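Here is the structure we will look at.
Quick note: the coordinates plus some simple rules give every number you see, no bench work behind them. Everything numeric in this text was worked out from a predicted model, so none of it was measured. Cβ atoms come from the backbone with ideal geometry, glycine included; neighbour counts cover every protein chain shown.
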Amino acid sequence: MNQPIMPSDAIVLRSVEEARDEILRHFSPLSSETVPLMQALGRVLAEDVQADIDVPPFANSAMDGYAVLGADLQSVTPDTPVILRIVSEVPAGGTTETAVEPGTAIRIMTGAPMPPLADTIVPFEETDEGHADSLHAQGQVRIFKPIPLGASVRAAGEDVQAGTTVLRRGTLIRAAEIGVLATVGAANVAVFRRPKVAILATGDELVDVGEQPGPGQIRNANGYANAAQVIAAGGEPLQLPIARDTEQELNDRLNEALAWGADLFMTSGGVSVGDYDVVKKVLQQRGNMEFWRVKMKPGKPIAFGHIEGVPLLGLPGNPVSAMVGFELFGRPALLKLQGRDGYLRPTIQATFTGSLTDRADRRQYVRVRVEQRGSEFLAHLTGEQGSGVLTSMMYADGLMIVPEGMTHVEPGTELPVLMLHWPEIAPEQVFEVADAGADCC
Ligand code: AMP
Ligand code: MG
């Protein structure tokens, strides 16, 4: 028989930060593996990567045009164009030995190496190229505009210098990182192993997605939403079959997950103080497990501990609570397992457009859609804030953080919003650029 868990159980109260710090303390990066470049997409780099060559490897033209000597263009005005003799032509991928001597020009395409002595590129647009009266047939080009010395020349190593570290261990590999890795010849890339996460939805009332719920039954949403969150966080989920609220089924599922080699168990449901919360009981029996009431809403009851050395995060059963609990605790743990350089989502300041009253003396994470209006962000409620209202999670791109003790939030209140789809950023990623410059397209 199920034994009631008495409310007298010592349940520790924690802030979100305390709970997260306590959880993260138990995670460190997994081993690494080497994969072909494209398989590194979405994964975390496990070693620093140095450039084997300068990028670009040689000085080249940033425009289709003419390679010239800047000194030849000093006296140019639209009325007194300079006429240069075309001595060669160089396409991208080609090279030329011909030097640009005073009074000459070499026709050149974007990306082609600068010919010897040439120091400036004149784009076609500033010449008679393509004009009806062009001198091209006579092997000459007219230039109508004074062009600054060095214009439209990309220096060797302008982007990356050979030997420098272009990507650091801990970097999330996205499309731009894939491109930079390709540029420096990283055909194979060392990445951290994906964490294996066993997902266990518990509850006598649950039926699977393909089934029609009978009286008193609901479909299992958490097993799917949490698995999707695991994938989005770079993990590999194993969705275990729904566990009924019996010790036997729970133990069987946990054994299955152990045999699979889980790096983390994630359960949903059964960790509060109800009569049938057997998850709690089994966890207490099999592991060193702590049960917390985290001072947050939604998602107060959270369990964390280990079973046979494998960490377990016990999320609440209400679907929004389970998803928010994963965001705040599960995702940072998965990122830390993958060696990521940052674990926390960025927050922005936004102006609340709705109105909210809640007497719970807990920090609230309110589902909002963020809209930029001029230079300010607005945060709109996405719907009812009940912890079972999963559609309002679907429309949310942020969680507005209402501090403890603020029981009424008026329209116009400025509050931080945790951005659910913005990438976690390493704290040290700040760039200093004196003048970004611009050439070409
Ligand atoms: P519990 O934490 O087990 O007491 O569950 C709290 C609430 O969440 C109950 O209304 C459950 O029916 C619901 N719930 C639990 N697990 C799931 C699940 N996997 N999918 C959808 N709802 C769930
Ligand atoms: Mg339950």
Which whole-number percent gives the relative contact order of segment 347-429, counting Cα pairs below 8 Å spaced six or more residues apart? 41
ARG193's amide H: which non-local residues (gap 5+, or another chain) put their own amide H closer than 5 Å, with H modeled 1.01 Å from N in plane and none for Pro or chain starts? SER31, SER32, GLU33
Could you pull out every residue, at least 5 positions away or on a different chain, whose amide H is within less than 5 Å of the one on LEU312? Hs are placed 1.01 Å off N in the peptide plane, and Pro or chain starts have none. PHE265, GLY305, HIS306, ILE307
Leading residue at positive end of dipole, the chain (Cβ point charges), from ALA257, LEU399, GLN74: ALA257
Highest to lowest packing among 403-411, 334-342, 285-293, 224-232, scored as the average C-beta count within 10 Å: 334-342, 224-232, 285-293, 403-411
Would you mind working out the magnitude of the charge dipole of segment 60-154 relative to its Cα centre, with +1 at each Lys and Arg C-beta and -1 at each Asp and Glu C-beta, to the nearest 20 Debye? 140
Size of the dipole of the chain about the Cα centre, Lys and Arg at +1 and Asp and Glu at -1 on the beta carbon, nothing else charged, in debye to 20? 1440
Give me a comma-separated list of calculated 3J(HN,Hα) values for segment 42-56, in order, Karplus coefficients 6.51, -1.76, 1.60 applied at θ = phi - 60°, integers in Hz, x for any Gly or Pro. x, 10, 10, 5, 9, 8, 5, 10, 9, 6, 7, 9, 5, 10, x
Which value, in debye to the nearest 20, gives the size of the charge dipole of segment 347-429 about its Cα centre, when Lys and Arg are +1 and Asp and Glu are -1 at the Cβ? 200
Under 17 Å Cα to Cα from LYS297, which aspartates and glutamates show up? Leave out anything in the same chain fewer than 8 places away. GLU17, GLU18, GLU327, ASP358, ASP361, GLU384, GLU404
In sequence order, calculated HN-Hα J values of segment 221-229 (Karplus, 6.51, -1.76, 1.60; Hz; x Gly/Pro): 8, 4, x, 8, 4, 5, 5, 5, 5
Residue by residue, what Karplus-based ³J(HN,Hα) values in Hz, rounded to whole numbers, does segment 79-93 have, using 6.51, -1.76 and 1.60 with θ = phi - 60° and x for Gly and Pro? 7, 10, x, 9, 10, 10, 8, 7, 9, 5, 9, 9, x, 4, x
TYR395, TYR343, TYR66 arranged by Cβ crowding within 10 Å, fewest neighbours leading: TYR395, TYR343, TYR66
Give the lysines whose C-alpha is closer than 22 Å to that of LYS281, dropping any in the same chain fewer than 8 places away, or say none. LYS300
Could you check how many percent of all C-alpha pairs in segment 319-423 are farther apart than 25 Å? 19
Two decimals is fine: what is log10 I(q)/I(0) at q = 0.06, 0.08, 0.12 Å⁻¹ for the chain, from a Debye sum with one equal scatterer on every Cα and no solvent? -0.42, -0.63, -0.99
Among the lysines, which fall within straight-line cross-link reach of LYS196, defined as a Cα-Cα distance under 16 Å, with same-chain neighbours fewer than 8 residues apart omitted? LYS336
